[in-house]
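Peer 1: Input: one structure, supplied below.
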Amino acid sequence: MTYLNTSDIPRPFLNEKQVADLICQSVRTIQKWRMTGHGPAFHKFGQSVRYHQTDVLAWVEARRQEHNPQ
């Protein structure tokens, strides 16, 4: 019987702390954004809130602003 080594499985979901660290914000800010609808898309698994990596990265990219000198 072969056992799956779960450490080799990519972890596409991030918790609030991981998202906060990724975008240099506090966990409280991430929570406020979620409550007001301003943060990245999220998933609820019971009481757990998780963010898919691709959703977070797309949300960050959508807020990218180019410097436009006049």
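The values are calculated or read from the model by the stated rules, or taken from the named source; none is laboratory data. Just so it is clear, the model here is predicted, and its values are computed rather than measured. Because the Cβ atoms are built from the backbone with ideal geometry, glycine has one as well, and the counts that use them run over all protein chains shown.
Peer 1: Select from segment 13-26 the residues that are of a type outside the set (V, I, T) and in a loop (DSSP other than H, G, I, E, B) and write down the one among them that is nearest to the chain's Cα centre (by Cα).
Peer 2: For segment 13-26, the residue satisfying everything is N15.
Peer 1: Then there is this: Given the conditions (1) in a loop (DSSP other than H, G, I, E, B); (2) modelled with pLDDT of 90 or more; (3) surrounded by fewer than 14 Cβ atoms within 10 Å (Cβ to Cβ), and given that K44 satisfies all but one, which numbered condition is not satisfied?
Peer 2: Every condition holds for K44 apart from (1).
Peer 1: Return the residues of segment 32-70 that are more than 12 Å from the chain's Cα centre (by Cα) and of a type in the set (V, I, T); say none if nothing qualifies.
Peer 2: T36
Peer 1: Would you confirm, using the coordinates I've provided, whether T29 is more than 15 Å from the chain's Cα centre (by Cα), of a type in the set (S, T, N, Q) and at pLDDT 95 or above?
Peer 2: Here the answer is no, as T29 does not meet what is asked.
Peer 1: Whether any residue in segment 49-70 is part of a loop (DSSP other than H, G, I, E, B) and modelled with pLDDT of 95 or more is what I want to check.
Peer 2: no
Peer 1: Are there any pairs, at least 6 apart or on different chains, whose C-beta atoms fall under 8 Å, with the first in segment 16-34 and without any contact (Cβ under 8 Å) to a residue 40 or more places away in the chain and farther than 15 Å from T54 by Cα and the second assigned to a helix (DSSP H, G or I) and of a type in the set (D, E), and if so, which?
Peer 2: Within 8 Å, the pairs are V27/E16; I30/E16; Q31/E16.
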